[in-house]
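Derivation of every value follows stated rules applied to the coordinates shown; laboratory data play no part. Nothing here was measured: the structure is a model prediction, and the numbers come from that model. Please note: Cβ atoms are built from the backbone with ideal geometry, for glycine as well, and neighbour counts cover all protein chains shown.
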Amino acid sequence: MSETTSPANADATQEARITAALGTRSVVLVGMMGAGKSTIGRRLSSRLGMPFLDADAEIEAAAGMSIPDIFESRGEPDFRDGEARVIARLLDSGPAVLATGGGAFMRKETRDRIRDKAVSIWLKVDADIIMRRVNKRRSDRPLLQTADPEATVGRLISEREPVYRQADLTIWSRDVPHEKIVEECIEALHGLLCRGGATETNDRMGVTP
Ligand code: S3P
């Protein structure tokens, strides 16, 4: 058998090392709407060979209605309670890559659970990219049904970023191919879990972990 390790094998080893180091923990993606949590999460899960879970989709399934309908018929506080319960259940259901809705990490109880049962990645995204991405389907985002959605996004960013910053890792989600962001997530997870420190990726991006 050859002693040489091909780059593909080296990558597989890197991913296997990450899942071994995670053990029973999940990987949780947090950040603003439009950050790409579901898109990146789905690809990351297939790279890591872990199931993918989308908290928003699970909330809709549990409630039997869409998120805009939950906001309209029950109000935001009720949605937030349901969101916390669903995320708690998903975190107990075994290791997975879990994409959370933009407001989920704002609740301390949820942050504490994520810290106990997962490694968190903040997908940091600029306001102009959020606006471009959410403008396509703004009706799906009840929080943006305001007179000035751009101002609303600006306010949410300034309220939320200090909290998102508490995630274990930060990756700058920008307009580059999804695979590049996924690769940076893998490198960052490997750096944190297998080399025991901050990642080159974050340093290079000028993003503070
Ligand atoms: C929300 C983000 C949405 C969804 C709900 C509230 C938020 O999820 O949970 O509309 O508070 O930012 P995405 O971040 O997946 O769009």
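Tabulated data for the structure shown
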item	result
Helices (runs of 4 or more DSSP H) (entirely within the range 54-140) containing at least 1 residues that are away from the ligand (no atom under 12 Å from the Cβ), touching a residue at least 60 places away in the same chain (Cβ under 8 Å) and out of contact with any Asp or Glu (no Cβ under 6 Å at 6 or more places or on another chain)	76-92, 108-117, 127-135
Subset of the range 23-53 that is hydroxyl-bearing (Ser, Thr, Tyr) and within 13 Å of the ligand (Cβ to nearest atom) - its residue that is nearest to Tyr164 (Cα to Cα)	Ser38
Criterion (touching a Gly at 6+ places or on another chain (Cβ under 9 Å) and within 19 Å of Ser26 (Cβ to Cβ)) met by exactly one of Thr100, Thr110	Thr100
Count of the range 43-53 residues which are surrounded by fewer than 17 Cβ atoms within 10 Å (Cβ to Cβ) and assigned to a helix (DSSP H, G or I)	1
Residues satisfying the stated conditions in the range 147-169, i.e. in a helix (DSSP H, G or I) and of a type in the set (S, T, N, Q)	Thr152, Ser158
Criterion violated by Gly191 - all others in (1) closer than 20 Å to Asp54 by Cα; (2) touching a Ser or Thr at 6+ places or on another chain (Cβ under 7 Å); (3) among the small types (Gly, Ala, Ser) satisfied	(1)
